[in-house]
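Here's the structure, in structure tokens; my notes come after.
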Amino acid sequence: MVMVATRDIQEGQELFICYTGIRWGKITRQKHLLLTKHFLCCCPRCLDPTECGTFISSIKCAQCEGNMIQDVQIGSSEFDMPWHCQDCKLEMEHKKVVAVEAMIGQMLKLINKNSTQHLEGASRKLKQLLTSHHYILLEMYMSLVTLYEKKKERPERIVELCNILLPVLQKLEGSSRAVALLVIARICAQVSMYKDGKEEFLNSGWFEESILQFDEAYSLIKYDVQAPVTINDLQLTLEILKEERNPNNKEYPKLATTEEHSAKDNAHQPPNGESMERVI
């Protein structure tokens, strides 16, 4: 078995493992750890009120719509600490934040999670209560990407959602499977928009960026059972588009072929059948 690191590891750096869902909010993570592991986590992310600048647990301030973040005091019970607005300093008791999440949880039980219309409507309502990167909204956005891909609908919305999701997931997870799948989804949607004559709605340089990002994502998920069945077709399509978009022999980054990817894998295999592990 080969384990692949999702981010660079420095020599002598301490390695950690996540006992919870990495995209869970702070309240949910801490509750899970208390119930199942009997401790409060004091990792850098849990001690950072902004959660590495993602604000993934923040709700909106009722006064100015800023980010409500929880005060952190080492040695004090997590549930004793109030929340305050980063901008106007308005305070809110922790139990009120918990109540907001509980109310949202009950509401989500009532919606059809296989309906893009229901998910879009619910996310619009929740944006009145939650900050744009709140973990509940992010999970809904990931569901929407999957549904739109299956239905082959609204590629422009897929691009929009991936642009919201990727910066947060890359910060929290590094080059993970979820990140690779979103990168591939965005590239597919961008190619679809290009073929439909909607390139004007894409960022300038989208194609060059897609070429660069495809290889890294492909190398992460090419053997994954969740990899899109069309991933090799996408690789071929990108090669064809390179020719179409290159009337002046502009030098694009070269896409690695399947054989080159396999050769790269073999080059990293240990000699004499010895095992090699790289820690996640």
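The values are calculated or read from the model by the stated rules, or taken from the named source; none is laboratory data. Predicted, not measured: the structure shown is a model, and the values here were computed from it. Counting neighbours? That spans all protein chains shown, and the Cβs are built from the backbone with ideal geometry, glycine included. With ligands, DNA and RNA removed, areas are computed over all heavy atoms of the protein, side chains included. Shrake-Rupley method; radii C 1.70, N 1.55, O 1.52, S 1.80 Å.
Would you say residue 99 is part of a helix (DSSP H, G or I) and either aromatic (Phe, Trp, Tyr) or closer than 30 Å to residue 157 by Cβ (or both)?
The answer is no for residue 99.
If I ask for residues that are touching a Ser or Thr at 6+ places or on another chain (Cβ under 9 Å), of a type outside the set (S, T, N, Q) and surrounded by fewer than 18 Cβ atoms within 10 Å (Cβ to Cβ), which ones from the stretch 204-233 would you list?
216, 222
Can you work out which of the residues in the stretch 180-222 that are without any contact (Cβ under 8 Å) to a residue 24 or more places away in the chain and assigned to a helix (DSSP H, G or I) is nearest to residue 149 (Cα to Cα)?
195
Being touching a residue at least 60 places away in the same chain (Cβ under 8 Å), among the charged types (D, E, K, R), under 27 Å from residue 165 (Cα atoms) and open to solvent by 80 Å² or more (accessible area, probe 1.4 Å) narrows it down to one residue among 7, 23; which is it?
One residue alone meets the criteria, 7.
What pairs can you find where one residue is in the stretch 36-65 and outside any helix (DSSP H, G or I) and open to solvent by less than 30 Å² (accessible area, probe 1.4 Å), the other is of a type in the set (Phe, Trp, Tyr) and modelled with pLDDT of 95 or more, and their Cβ atoms are less than 6 Å apart, with a gap of 6+ or different chains?
Hits for this filter: 56/135.
From the residues in the stretch 108-165 that are hydroxyl-bearing (Ser, Thr, Tyr) and open to solvent by 60 Å² or more (accessible area, probe 1.4 Å), which one is nearest to residue 185 (Cα to Cα)?
To start, the set of residues in the stretch 108-165 that are hydroxyl-bearing (Ser, Thr, Tyr) comprises 115-116, 123, 131-132, 135, 141, 143, 146, 148.
Subsequent filtering for residues that are open to solvent by 60 Å² or more (accessible area, probe 1.4 Å) retains 132, 146.
Values: 132: 21, 146: 9 Å.
Applying the filter and picking the extreme gives 146.
Check the stretch 211-221 and report whether any residue there is aromatic (Phe, Trp, Tyr) and at pLDDT 90 or above.
yes
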